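Derivation of every value follows stated rules applied to the coordinates shown; laboratory data play no part. None of these values were measured; they are calculated from a predicted model. FYI the Cβ positions are ideal-geometry reconstructions off the backbone, even for glycines, and counts take in every protein chain you see.
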Amino acid sequence: MKFIYFNDTGRKVSIHPAIFSHGCTGLREPIKPLEQRVFELPEGTFPWVKMWDYGEIGSSILVSPMKEAE
């Protein structure tokens, strides 16, 4: 599954390193304003997303794959 994030914050959004240890793939560079980023999630999962706002410094995003409860 693909998850596409569009940065409309007006600031850079850094990538939380846990994205990759949780099984997602994608670019590690910060996401610039008005740029989109594609994250590939493992098959059979959906994205759980958390963002932190650090004010003028910028923001950080965590995308973690979750499985549906049966």
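Assorted remarks:
- Length, then width, then depth: along the principal axes, the Cα atoms of the range 8-70 run 41, 19, 19 Å.
- The range 1-16 residues near the modelled residue 34 label - backbone nitrogen below 15 Å, point 7 Å along Cα→Cβ: 6-12
- DSSP bridge analysis restricted to the chain gives an antiparallel fraction near 85%, rounded to the nearest 5.
- Karplus-based coupling profile of the range 46-55, in residue order and whole Hz: 10, x, 10, 10, 9, 10, 10, 10, 9, x, with θ = phi - 60° in 6.51 cos²θ - 1.76 cosθ + 1.60 and x standing for Gly or Pro.
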